[in-house]
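Everything below concerns the one structure shown next.
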Amino acid sequence: MEAALDTLLKVARAHINYDLRHGRQPLSAFAAAPRLYWEAFAGATRVDIRLDLAGEETAAPMRVIAATLPQHPIVKLYCERVRTA
């Protein structure tokens, strides 16, 4: 999980730095997540993480809140409607 979060932060930093270099609002190319994902996140189990950000150039401080779910919200949405005989 830490490796996945580290990679996600690197991708986010790359986008933020690109946007700042081009005079854009950081992450402005990304729309907000659909409500389904916000609701899933609100009910998810928070994960206590500590990421070592030392030595990395950042456009701005990053706050990371991670959480886990037993299954993806879309899978849950569609699996609940499927019935087998």
Six or more apart or on different chains, Cβ atoms under 7 Å: show the pairs whose first residue is in segment 20-39 and touching a residue at least 24 places away in the same chain (Cβ under 8 Å) and whose second is outside any helix (DSSP H, G or I) and surrounded by 11 or more Cβ atoms within 10 Å (Cβ to Cβ). 20/26; 20/59; 26/59
Of all residues being of a type in the set (A, V, I, L, M) and in contact with a strand residue (DSSP E or B) (Cβ under 9 Å, 6 or more places away or on another chain) in segment 43-59, which is modelled with the highest pLDDT? Just the residue, please. 44
Residue 26: exposed (fewer than 10 other Cβ atoms within 10 Å of the Cβ), in a loop (DSSP other than H, G, I, E, B) and at pLDDT below 90, yes or no? no
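The values are calculated or read from the model by the stated rules, or taken from the named source; none is laboratory data. Predicted model, so just to flag it, every value in this text is computed and none were measured. Glycine gets a Cβ as well: all are built from the backbone with ideal geometry, and neighbour counts include every protein chain shown.
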